[in-house]
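Q: Quick one: structure below, then a few questions.
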Amino acid sequence: MNDRSLRVLEFNKVRELLADQAVSGAAKKLALKLEPSDDVREIEYLQKETSEAAAVIVQKGTIPIGGINEIVHFVKLAEKGGTLSPKELLEIKQNLYTARNIVSHLKSDVEPGRIIADYAAGITVCKREEEEIDRCILSEDQIADGASAELRSIRRAIIRKNEELRAKMSHIIQSRDNKDILQDSIITIRQGRYVIPVKQEHRGRVAGIVHDQSATGATLFIEPQAIVNLNNEMRELQLKEEAEVARILQMLSGMVAVQSNGIIANQEILVKLDFAFAKAKLALQMKAIEPVLNDDGYIIIKEGRHPLIDRKTVVPMSVSLGKDYDTLVITGPNTGGKTVTLKTVGLMVLMTQAGLHIPAEIGTRMTVFKEVFADIGDEQSIEQSLSTFSSHMKNIVDIVSKAGLDCLVLLDELGAGTDPTEGAALAISVLDYLLGRGAKTMATTHYTELKKYALTTRNVENGCMEFDVNTLSPTYKLIIGMAGKSNAFEISEKLGLPAELIGEAKKLLEKGDIEFEDLISEIAMDRKRAEEERDEAVLINIELKKMREDLEKQKEKFAVQKEKIMARAKEEARDMVKEMKEFSDNVFKELRELEKINDPKARNRKFEEVRKKVKGKSEEYAQNLDKKENRNPIGISELRPGVYVYLVNIDQEGTVLTEPDSKGDLMVQVGLMKVSANAKDLQKLKDAPSEKQIRSKYAAMYKEKTANVSTSFDVRGNNLDAAEVLVDKYIDDAFMAGLKQVTIIHGKGEGVLREGLKSLFKKNRHVDKFRPGMINEGGAGVTVLLLK
């Protein structure tokens, strides 16, 4: 790709975004030097690499690239027998740790794709070398005592010798005989040996070796003769320490040398992985996708977004080129988005061929171009004395000489900057030439002649940037298949230019141009009407589809309800037959027993009892049958307040209190209780009982509840779920019985029941207040409820 196109399309800014995602310096350098490729296989590989890395991030998070150091030079030095410094060895250890961590990350849980897996397989894990360096080196200037037994022994000897020296020196300093001859009572070190500060005039009174003197010459730093041997022994130990440290560093360097090939290969793989995951992170940040590549020379971009414009403000753009037409002429007002459209297409192509995902929607298809040429923006040079037109024409001359098959050409304001008639003629000539050479071209213009050229030329298509005349602002939407209108007269009129001036201006235009502009306006209006009608049709279609789905759901619902009713009826019939059989067996048994009774009166009495029993059972079945015949399915539209219904799920009858909501839920009065029910669980009663019958039925129930409900209820020994069900039923019974205060006995224990039941008390509609029990009521082991 030529550098000018990369610069004009601002590909360097994409590189910078990519570099920001990389961790290591080497990967950042790769990002800043990224070049688009024209090799289809290489592009497919790079795109797949980005996709696999993105999949790893989504599934497990990004790889743990804690730090990748430039260590190749150090490793090669070790290969040649050189001794590495602690700092260099620590940097190698960091790379080994990162490599091992990445392998562990990529091999856990979900396996990565083939490319990333191959990278992981190529990494040499040198855990022994990593651990040995970590064990021996504490920091860039400190070797661990435990690096070897010899080093530990030497350092212990140094500590002991140091203590011995200090004790000797302290004795010399604190001696009364030496008090007057010393400048200060301190111990210091000169040239690695312990010395004392002696006044110049008392030099002869101290036997020893002078190692230094102060700047004024008033103080001499003398090593007393009494400690010369001790200092010599200390120096010997220090030399032994240095030699042992050098041996340890050489040993570690030798270990690195043995694994040099693997360590250098790791360095390259880690940088590649860092770069691949930088591409993936950028793709996820942009919400970008892997485009589908084709070798047929066309591009289809769906809802593409310029990667350098804020995702919250950028207007997505859809465009195609090379399939139905090879040249696209885009017209529209200034600042309407024409240049951004060209740059978006150019950047999409460059990013695709550089292995980067592009910010567009699924279904986007890209091809591979051998070259991308772009003449965008005003790049006139004062130094070169080139005008705007000359600058553009110089670029176009270069493009025309090189462009051909498998090339993308992007031309902004083609033919501008000179006489409009000549400029338009040149523009048409250039477009025609590029079309003949087989190049794929996108050009922006204001010239009417180019709009006409696109309308009348095969393989050339018009496109325009939409403009809202009412708000005098562009919408930044690209419309393919329609030429744009300049809107100069409309904009001027909106801004207040007198109508007579606009009328005079229109007279100056050629009749053909006016007719052409009017035709464009009519096409735009027709298109807008067609879009509105299409949108309306879509909405109607969606509504009809929803109605059809609702009807289907209703149909399925009724079918299920019918099946449930039939199944319940069959079950009831089976139960009834079984019960009748048992009853009839008992009757026959009792009749046979009558034969054994000799007393006629007793036999007649017994026979009358059996007869009444049979009659009672007969009436009971007749009544149940009447009830079932009195029930019919009921639709939601029939459920209104006051309708008497049968609740299938609780085998009770009641009166509807509320209209059903969107889910079919409603409230039903069943005796003294208000019950929440759903329409699917209700059946319609043909003959509703009278108010007197209802009162009579529930008066008996009320009387029974009042007589049997206790003022306390014990749920100890139950788990929370069971206790909630039991307590809820008890509260209903207590409320029906008219009790105002009840006690729930839950025990103390760990407080699970007590705390769990609190939420039930808060939600229950019958509970007004509740409190812990007093000491005389049971204390923390009970809760007292005050009912409404």
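Q: I need the full set of residues from segment 276-306 which are closer than 23 Å to Arg114 by Cα and open to solvent by less than 30 Å² (accessible area, probe 1.4 Å), in order please.
A: The answer is Ala276, Phe277, Ala278, Lys279, Ala280, Leu282, Ala283, Ala288, Ile289, Pro291, Asn294.
Q: Which of (1) closer than 14 Å to Arg716 by Cβ; (2) surrounded by 17 or more Cβ atoms within 10 Å (Cβ to Cβ); (3) in contact with a helix residue (DSSP H, G or I) (Cβ under 6 Å, 6 or more places away or on another chain) does Leu787 not meet, given it meets every other one?
A: Just one mismatch for Leu787, condition (1).
Q: Just checking, which of Leu90, Leu84, Leu77, Leu106 is under 24 Å from the mean Cα position of the chain (by Cα) and not acidic (Asp, Glu)?
A: Just one listed residue meets the conditions, Leu106.
Q: In the set Arg166, Arg152, which member is in contact with a Phe, Trp or Tyr (Cβ under 9 Å, 6 or more places away or on another chain) and part of a helix (DSSP H, G or I)?
A: Arg166
Q: Also: Do we have any residue at all in segment 415-425 that's free of Cβ contacts under 8 Å to residues at least 24 places away in the same chain and of a type outside the set (S, T, N, Q)?
A: Looking for residues that are free of Cβ contacts under 8 Å to residues at least 24 places away in the same chain and of a type outside the set (S, T, N, Q), one finds at least one in segment 415-425, hence yes.
Q: Restricting attention to segment 307-326, and to residues there that are within 28 Å of Ala22 (Cα to Cα) and touching a strand residue (DSSP E or B) at 6+ places or on another chain (Cβ under 8 Å), which single residue is surrounded by the fewest Cβ atoms within 10 Å (Cβ to Cβ)?
A: The selected residue is Pro316.
Q: Quick one: in segment 176-221, which of the residues that are in a loop (DSSP other than H, G, I, E, B) and closer than 18 Å to Arg235 by Cα is most open to solvent (accessible area, probe 1.4 Å)?
A: Gln191
Q: Continuing with the same structure: Please go through segment 711-761 and pick out each residue that is within 15 Å of Thr783 (Cα to Cα), in contact with a Leu (Cβ under 9 Å, 6 or more places away or on another chain) and not in a helix (DSSP H, G or I).
A: The answer is Thr711, Phe713, Val715, Arg716, Lys740, Gln741, Val742, Thr743, Ile744, His746, Gly747.
Q: One residue is enough: does segment 39-47 have a residue meeting the conditions within 28 Å of Val340 (Cα to Cα) and within 25 Å of the chain's Cα centre (by Cα)?
A: yes
Q: Just checking, how many residues over segment 5-20 are open to solvent by 40 Å² or more (accessible area, probe 1.4 Å) and not aliphatic (A, V, I, L, M)?
A: Total meeting the criteria: 6.
Q: For segment 352-390, enumerate the residues that are modelled with pLDDT under 65 and either open to solvent by less than 50 Å² (accessible area, probe 1.4 Å) or not in a loop (DSSP other than H, G, I, E, B) (or both).
A: Those that are modelled with pLDDT under 65 and either open to solvent by less than 50 Å² (accessible area, probe 1.4 Å) or not in a loop (DSSP other than H, G, I, E, B) (or both): Ser381, Leu386.
Q: Can we say Gly664 is at pLDDT 75 or above and either open to solvent by 50 Å² or more (accessible area, probe 1.4 Å) or out of contact with any helix residue (DSSP H, G or I) (no Cβ under 6 Å at 6 or more places or on another chain) (or both)?
A: Answer is no for this residue.
Q: Find the residue count for segment 121-171, including only residues that are free of Cβ contacts under 8 Å to residues at least 60 places away in the same chain, touching a Gly at 6+ places or on another chain (Cβ under 7 Å) and open to solvent by less than 20 Å² (accessible area, probe 1.4 Å).
A: 0
Q: Let me ask another. Assess whether Glu233 counts as being at pLDDT below 85 and not in a loop (DSSP other than H, G, I, E, B).
A: No: the conditions fail for Glu233.
Listed here are the residues, each with its yes/no results for (1) at pLDDT 85 or above; (2) open to solvent by 50 Å² or more (accessible area, probe 1.4 Å); (3) within 17 Å of Asp324 (Cα to Cα).
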position: Leu426; (1), (2), (3): yes, yes, no
position: Tyr433; (1), (2), (3): yes, yes, no
position: Gly436; (1), (2), (3): yes, yes, yes
position: Thr441; (1), (2), (3): yes, no, yes
position: Thr445; (1), (2), (3): yes, no, no
position: Leu450; (1), (2), (3): yes, no, no
position: Asn459; (1), (2), (3): yes, yes, yes
position: Gly463; (1), (2), (3): yes, no, yes
position: Thr471; (1), (2), (3): no, yes, no
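Q: Inspect segment 244-253 for any residue being in contact with a helix residue (DSSP H, G or I) (Cβ under 8 Å, 6 or more places away or on another chain) and closer than 30 Å to Gln47 by Cβ and give the result as yes or no.
A: No, segment 244-253 contains no residue that is in contact with a helix residue (DSSP H, G or I) (Cβ under 8 Å, 6 or more places away or on another chain) and closer than 30 Å to Gln47 by Cβ.
Q: Quick one: count up the residues across segment 414-424 that are more than 20 Å from Ile480 (Cβ to Cβ) and surrounded by 15 or more Cβ atoms within 10 Å (Cβ to Cβ).
A: Here the count works out to 6.
Q: Now a separate question. Return the only residue of Glu608, Glu582, Glu619, Glu659 being of a type outside the set (Lys, Arg), assigned to a helix (DSSP H, G or I), modelled with pLDDT of 75 or more and loosely packed, with under 12 Cβ neighbours inside 10 Å.
A: Glu582
Q: I've got another one for you. In segment 75-86, which residues are closer than 21 Å to Glu268 by Cα and either acidic (Asp, Glu) or open to solvent by 30 Å² or more (accessible area, probe 1.4 Å) (or both)?
A: Residues satisfying the conditions are Lys76, Leu77, Glu79, Lys80.
Q: Please work out which one of (1) open to solvent by 40 Å² or more (accessible area, probe 1.4 Å); (2) in a helix (DSSP H, G or I); (3) of a type in the set (A, V, I, L, M, F, W, C); (4) modelled with pLDDT of 80 or more is the condition Ala699 fails and give its number.
A: For Ala699, the failing item is (4).
Q: When you scan segment 21-54, how many residues do you find that are farther than 11 Å from Leu350 by Cβ and open to solvent by less than 50 Å² (accessible area, probe 1.4 Å)?
A: 16
Q: Now a separate question. If I ask for residues that are closer than 27 Å to Val245 by Cβ and of a type in the set (Asp, Glu), which ones from segment 135-183 would you list?
A: Glu140, Asp141, Asp145, Glu150, Glu163, Glu164
Q: Something else: Please verify whether Leu273 is in contact (Cβ under 8 Å) with a residue 60 or more places away in the chain and open to solvent by less than 60 Å² (accessible area, probe 1.4 Å), treating the condition exactly as stated.
A: Here the answer is yes, as Leu273 does meet what is asked.
The values are calculated or read from the model by the stated rules, or taken from the named source; none is laboratory data. Because the structure is predicted, anything quoted here is derived from the model rather than measured. Backbone-built Cβ (ideal geometry, glycine too); neighbour counts: all protein chains shown. These area figures cover heavy atoms from the full protein model, side chains too; ligands, DNA and RNA do not enter into them. Shrake-Rupley method; radii C 1.70, N 1.55, O 1.52, S 1.80 Å.
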